[in-house]
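Read-outs: derived from the displayed coordinates by stated rules, not from any lab. On a predicted model such as this, the values are computed, not experimentally measured, just so you know. For neighbour counting, all protein chains shown are included, and Cβ atoms are generated from backbone atoms with ideal geometry for every residue, glycine included.
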Amino acid sequence: MNLHLTGHHVEITPAIRDYVTQKITRINRHFDHVIDVNVIMTVEKLDQKIEANVHLSGKDIHVQANDADMYAAIDGLIDKLDRQVLKHKERFQPRHPQAIKRITQADHLE
């Protein structure tokens, strides 16, 4: 998984980079086919905005979150992203479980 962090009008400190990296691993726990993650952090006056574009095998997911605190915005973004990835994963799960093989009476008597 490739992770790209970009800051607009904000400096990405090592603490923020580590926090985002730690939270993004939550997505890999649910879905292994994450190819690329682009995270853009923006500060507009008193509003902290964070966006993420996640490239999965077969789909791109775009999520954004706003908050007064950057860490709270990151938490909100990861929650939204986690729900979207789980929703995408459920679409590819087989809907019908595998059929149970029948045991014949001849096999049962042996």
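The table below lists the values:
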quantity	calculated
When each of K23/K80; K59/K87; K49/K80; K45/K80 is checked by Cα-Cα distance, pairs over 19 Å	K45/K80
Fewest-first ranking of V20, V10, using other Cβ atoms within 10 Å as the exposure measure	V10, V20
Likely footprinting exposure, F31, F92, fewest C-beta neighbours within 10 Å first	F92, F31
